[in-house]
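A short worksheet on the structure shown next.
The values are calculated or read from the model by the stated rules, or taken from the named source; none is laboratory data. For clarity, every value in this text was computed on a predicted model and none was experimentally measured. Note that we place each Cβ from the backbone using ideal geometry, even for glycine, and neighbour counts take in every protein chain shown. Accessible surface is based on the protein model in full, side chains and every heavy atom, while ligands, DNA and RNA are left aside. Shrake-Rupley method; radii C 1.70, N 1.55, O 1.52, S 1.80 Å.
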Amino acid sequence: MLEAASDAAARFEGMFLTPKQANALLAEPRFNIYDNPEAFLTCNNDPAKALCHPDRTSPGGSRDRPPAIDRCDPACGNIARTDSHIQSLQAEITQLTEEIASSLTPIPLRGRLSACRRHLQGIADRHQKTRIARSDTGNEVDRR
Ligand code: SF4
């Protein structure tokens, strides 16, 4: 994702695009980025790897479809996360922790909330271990 952003800046920054150039930009697979804040991620849509479309490799399967972010699979290789996603995720972990500690939360629900918190904490830990820093953007990204 960082590489694509860097390439896009080098090729298009400050330019006015003709309709033909704009269409070429939209057709560039590396620039097909979909934000999915509910899942704390960005989808760098490569249709060949899109786990939300199980028929992606079948002969009749369309590779032109946008990603189905409502069916996003956490194992998909198209997932990227920035530090901003992880900040939002940490806020969610804090909220879950408060709900788990509340005496008003039923015990069965606490178990489900704890499982959700563990899942999110695993994502945050993995991001810390795998993030890639780029000094020219100031952002850090991991590929899952
Ligand atoms: S599974 Fe998620 S990350 Fe993968 S292509 Fe679909 S929406 Fe994008």
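Whether any residue in region 97-104 is part of a helix (DSSP H, G or I), polar (S, T, N, Q) and touching a Lys or Arg at 6+ places or on another chain (Cβ under 8 Å) is what I want to check.
Here is the first cut: in region 97-104, the ones part of a helix (DSSP H, G or I) are 97-101.
Applying the additional criterion that residues be polar (S, T, N, Q) yields 97.
After this cut, where a residue has to be touching a Lys or Arg at 6+ places or on another chain (Cβ under 8 Å) as well, the list is 97.
Among the residues of region 97-104, at least one is part of a helix (DSSP H, G or I), polar (S, T, N, Q) and touching a Lys or Arg at 6+ places or on another chain (Cβ under 8 Å), which makes the answer yes.
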Q. Is it fair to say T42 is more than 7 Å from the ligand (Cβ to nearest atom), open to solvent by less than 70 Å² (accessible area, probe 1.4 Å) and at negative phi?
A. yes
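Let me confirm something: among S103, S84, S58, which residue is touching a residue at least 24 places away in the same chain (Cβ under 8 Å) and hydroxyl-bearing (S, T, Y)? Before the answer, list the steps.
On the way: S103 fails: touching a residue at least 24 places away in the same chain (Cβ under 8 Å); S58 fails: touching a residue at least 24 places away in the same chain (Cβ under 8 Å).
S84 is the lone residue from the list that is touching a residue at least 24 places away in the same chain (Cβ under 8 Å) and hydroxyl-bearing (S, T, Y).
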Q: Could you tell me whether any residue of region 48-66 is at pLDDT 90 or above and under 23 Å from K129 (Cα atoms)?
A: no
Q) Which of the residues belonging to region 62-106 are surrounded by 13 or more Cβ atoms within 10 Å (Cβ to Cβ) and farther than 21 Å from D35 by Cβ? A) L96, T97, E99, I100, T105
